[in-house]
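Report on the following structure.
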Amino acid sequence: MFDINTINKRYFDISISVTDDEGKEHSFRLDVEPPKVKTLKKIIALSKNKDNEEAMSEAIRLILNKNKTNFKVSDEIIENLDIDQYKAIFNEYSKWLNEVRNSPN
């Protein structure tokens, strides 16, 4: 019998440091889990609108908050990322998803 729960999960490892509006630095490292299909579809739809900062913020929020430790990345931290960081996170996450999807294991 095949037990789907025996499949080893792979994680997208990301380290983030941002300075908030009060000058306080927040640094953390996350092991981001692969998204469920429904969430992946939503991330893809949101990311197609790269000029809309709210859509990109929501996509990044969905990506980062699905992590191994259930750490919730605050809106303040996400809003203190710049557009280049948004794009870099999304691009690297997309590369990782393609690697996971194309891996034979």
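The values are calculated or read from the model by the stated rules, or taken from the named source; none is laboratory data. Remember, it's a predicted structure, so these values are computed and weren't measured experimentally. For neighbour counting, all protein chains shown are included, and Cβ atoms are generated from backbone atoms with ideal geometry for every residue, glycine included. All accessible areas refer to the heavy atoms of the entire protein, side chains included, with ligands and DNA or RNA removed. Shrake-Rupley method; radii C 1.70, N 1.55, O 1.52, S 1.80 Å.
List of remarks:
- Close pairs from segment 57-80: first in contact (Cβ under 8 Å) with a residue 60 or more places away in the chain and of a type outside the set (Ser, Thr, Tyr), partner part of a strand (DSSP E or B) and surrounded by fewer than 15 Cβ atoms within 10 Å (Cβ to Cβ), Cβ under 6 Å, at least 6 apart: Ile77/His26
- Residue check for Val37: of a type in the set (Val, Ile, Thr) and either more than 22 Å from Leu97 (Cα to Cα) or loosely packed, with under 12 Cβ neighbours inside 10 Å (or both): yes
- Residue within segment 48-57 that is more than 24 Å from Ile4 (Cβ to Cβ) and either among the hydroxyl-bearing types (Ser, Thr, Tyr) or touching a Pro at 6+ places or on another chain (Cβ under 9 Å) (or both) present: yes
- Evaluation of Ile89 against the conditions (1) out of contact with any helix residue (DSSP H, G or I) (no Cβ under 7 Å at 6 or more places or on another chain); (2) touching a residue at least 40 places away in the same chain (Cβ under 8 Å); (3) β-branched (Val, Ile, Thr) shows that the sole unmet condition is (1).
- Qualifying residue in segment 65-72 (condition: more than 12 Å from the chain's Cα centre (by Cα), modelled with pLDDT of 90 or more and hydroxyl-bearing (Ser, Thr, Tyr)): yes
- Enumeration of residues in segment 9-31 that are free of Cβ contacts under 8 Å to residues at least 12 places away in the same chain, open to solvent by 80 Å² or more (accessible area, probe 1.4 Å) and assigned to a loop (DSSP other than H, G, I, E, B): Glu22, Lys24
- Contact map, segment 39-52: residues that are within 20 Å of Asn65 (Cα to Cα) paired with residues that are of a type in the set (Lys, Arg) and modelled with pLDDT of 90 or more, Cβ distance under 8 Å, separation 6+ or inter-chain. Pairs shown: Thr39/Lys66.
- Note on segment 73-102: residues that are under 15 Å from Ser27 (Cα atoms) and polar (S, T, N, Q) amount to 3.
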